[in-house]
Each structure stands twice: as C-alpha cells, then as structure tokens.
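A short worksheet on the structure shown next.
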Amino acid sequence: MIDYTKASKTYDNTRNSSDLIIDIMSNRGVFGENKNILDFGCGTGNYLQRISFKFPCNCYGAEPSIGMREKAIEKNPGLTIADGNHENLPFEDNFFDFVFMTDVIHHVPDLNSLFKNLYLKLTQTGLVCIVTEGWKQIESRWYNNYFPSLSKNEKNRYPDIDKIVTHSIDNGFSFDTLEIKKNPEENEITSQFIKLVEEKGYSMFRILDEDEYTEGLSNLKRDLGKIITTKDAGETLIWLRK
C-alpha cells in the first residue's frame, strides 16, 4: 500500500501539470465561462491551479489522500476540494459539465463504482476525459530497461484502454474518441529525471523491490546525459459522453 500522505511531502518537487494535456482538453471547449469542472483525484492540485488561472470556469477537486488534499487546498485558496473517491463524491447530482482525471485511473480499484458515480454527477451533456497509458505505451517507456519488472507491475495496475471503455459503457456512458499525446522519441537521461526517481515521484517506483530500485537508480546515474530512442510511448486521452 502506497502512503500518499508521505508522498505528498515531496510530490511537487518533481511533478507538475502538463500544459499540452490542458491545451488538448481546452480545444474541446470544456473550460468555458461558468462551466463546472471536476479534477477527480486532483493530488496536490497542480492542474486545478493552472486551469483556474487560465480559464473562467468553476474548478472543483476530489482527493482521498489527506496529505495530498491539504497541499491542494493550500495552493488553491477559494476552490472547493473535497474528500472524495470512486465510491463517494460529495457533490450534487447533475452538477459537472466536465470531469477529468490525469494519471489516476490505475489507482481506482472498482471501475464500475467510479463510472456509476461520475454518471450521476454529470450534466446531461457532460464530458469525461481520462488521461492514462495503454499497455503498449507502458511497454514502450524508455526507462523500463533500468527496472526489469516495471512494465509487468504497471500492467497489473493499469486497466488497458478497452477495459476502461467497456466499463464506462456498461454504466451508461457513450464512447466519444481517443486522442494520443506522443512522447518525444529521443529521451535524455537528465538530473531532473534522476531526482524524480530518487524521490519516487512516480508511484511505480514505490512498489519496486528495493534491490531492483537501487540498482536501476545507480545505472541511471551512470548513464546521466545518455540519449535513448523509443517509439510508441505517450499518453491516451479517453473521451466519454453522458
């Protein structure tokens, strides 16, 4: 079990929102004036902070981790950031015009409960965007070479795209489209990435065997500055309609 209250203490040292992801979502017109949006699993509130600064929509967050939620509230004074999860979202029904989640769905143990609750909270014309990685994208991560069990571990945690879509449809949603955000095909091993691994900024590093983690980190440090070429890595944005 990952202690996210502990993780919250260093999370913002290496993690931030992605302007490219925000731009992709913005192109669908979801951040319009007076629209109610929910960042489900908002973590320390990085996306809420950026979106509320750039757009005239009404921003809300839901986050079950006390430590993460306290950070989000501190960074987003004036926003409502609730103690909520896939089983309990303490908001009115038919309230949100748009719900999004970034790198969250692999932490949700019951997709049926998630989609049942999201369906209730959305307006009749509401949209959902799930930012995640499919199995092929997971297999293409360049740093898998440094941590041999990483890809298998992640596929045990991440539901593949078809499974997410199927569960959403089973609970009333209509599939809209997929959008792919590709990662660069050339990746440099930077000191910033090494710091992310050192602080276990991605939850996947917190569940590695300690010997594998230590050896992989040592090899990354040895290869600082090395350029690695990969293909097919990136993220998938799954769009759903009520």
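With both labels modelled 7 Å from their Cα along Cα-to-Cβ, the SER26 to ILE66 distance reads 3.7 nm.
Between TRP135 and ASP83, what FRET efficiency comes out of the Förster formula 1/(1 + (r/R0)^6) with R0 = 30 Å and r the beta carbon distance, rounded to 0.05? The formula returns an efficiency of 0.40 here.
Excluding ligands, DNA and RNA, the accessible surface per residue across the stretch 155-242 is 55 Å² with a 1.4 Å probe.
Let me make sure I get this right: for the stretch 178-231, a, b and c are the square roots of the gyration tensor eigenvalues over alpha carbons, sorted descending. Under 1.5 in a/c it's rounded, otherwise prolate if a/b > b/c, else oblate. Which is it? Here the stretch 178-231 falls in the oblate category.
Shape class for the stretch 108-174, computed from the alpha carbon gyration tensor (a ≥ b ≥ c): prolate, with a/c not under 1.5 and a/b above b/c. Just how many % of Cα pairs in the stretch 59-218 lie over 26 Å apart, if you round to the nearest whole percent? It works out to 39 percent of all Cα pairs.
Taking the average, over residues, of other Cβ atoms within 10 Å as the packing measure, peptides 38-51, 115-128 rank 38-51, 115-128 from highest down.
Protein heavy-atom surface of the chain, 1.4 angstrom probe: 45% of the accessible area is carbon and sulfur, with nucleic acids and ligands not counted.
Relative to one another, the C-alpha centroids of the stretch 184-231 and the stretch 71-108 are positioned 30 Å apart.
The values are calculated or read from the model by the stated rules, or taken from the named source; none is laboratory data. None of these values were measured; they are calculated from a predicted model. Methodologically, a virtual Cβ is constructed for each residue, glycine included, from the backbone with ideal geometry; neighbour enumeration extends over all protein chains shown. Accessible surface is based on the protein model in full, side chains and every heavy atom, while ligands, DNA and RNA are left aside. Shrake-Rupley method; radii C 1.70, N 1.55, O 1.52, S 1.80 Å.
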